[in-house]
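Chemist: Questions regarding the structure given below will be posed in turn.
Quick note: the coordinates plus some simple rules give every number you see, no bench work behind them. Computed from a prediction, not measured in an experiment: that's the story for all the values here. Note: ideal-geometry Cβ built from the backbone for every residue, glycine included; neighbour counts use all protein chains shown.
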Amino acid sequence: MIALPDAESLLPGLVAELKPRVTPATAMIGLYTGGAWLAERLHALLGLKEPLGLMDIAFYRDDYAKQGLKHDPKRTRIPFDVGGRDLLLVDDVLFTGRTVRAAMNELFDYGRPRSIALAVLADRGGRQLPICAQHCGAQVQVPEGMRLRLKRAADGRLSLELERAT
């Protein structure tokens, strides 16, 4: 059995790593679903002035035509101008890089940010695209055939869990 890191204990280190990067031009966007949960926590802990943006990249996925929608799509809400901004893009688990690529495609439909930095709670490796996180809570080895998921309890506490890939 693999020992997974405690998601809650990773948050202070991630906040400390992100704090020096925060400027008045910084804004944050979380990717539904797990990345949005993580972004809500990080946004509050960092005290960002701009409201939190939330993004669902379902229609931007490169497998959309083949897979269709696997979940109920949420509405992307970016309540600020992305042009010229330093964006913190937040996702829960980085794996192939395809979700991040889709998010960047959608972001550029909203404008041209000055920079985009990726913050993730866990990086499980296995990249299919040349994408990496600039800020990462933990590197996690995940057995083949398994997925690493972020879960949120009713009280808001976050946890990492393994489940069979479907």
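Chemist: How big is the convex hull of the Cα atoms of the chain, per residue, in Å³?
Modeler: 121 Å³
Chemist: If I model a spin label as a point 7 Å beyond the Cα along the Cα-Cβ vector, how far apart are those points for T33 and S115 in nm?
Modeler: So the two model labels end up 3.3 nm from each other.
Chemist: Another one. Quick query: amide H of G137 versus all other amide H atoms, modeled in the peptide plane; which residues come in under 5 Å with a sequence gap of 5 or more or a different chain?
Modeler: V120, L121, A122
Chemist: Can you list the HN-Hα couplings for the range 85-94, worked out from phi with the Karplus curve (6.51, -1.76, 1.60; θ = phi - 60°), rounded to whole Hz and with x for Gly and Pro?
Modeler: Values per residue, Gly and Pro as x: 8, 9, 9, 9, 8, 10, 9, 7, 10, 9 Hz.
Chemist: Please work out, to two decimal places, the log10 of the ratio I(q)/I(0) at q = 0.16, 0.24 Å⁻¹ from a Debye calculation in which every Cα of the range 87-166 carries one identical scatterer.
Modeler: -0.66, -1.19
Chemist: Can you tell me the FRET efficiency between T166 and A16 if r is taken as the Cβ-Cβ distance and R0 is 30 Å, rounded to the nearest 0.05?
Modeler: Result of the calculation: an efficiency of 0.25.
Chemist: Tell me what the chain gives for mean residue ellipticity at 222 nm when only DSSP H runs of n ≥ 4 count, each as -39,500 (n - 2.57), the sum divided by the residue total, rounded to 500 deg cm²/dmol.
Modeler: It comes out at -7500 deg cm²/dmol, rounded to the nearest 500.
Chemist: Sticking with this one: With only alpha-carbon atoms in the gyration tensor, what are the semi-axes of the equivalent ellipsoid for the range 1-49, in Å, largest first?
Modeler: Sorted largest first and rounded, they come to 22, 14, 8 Å.
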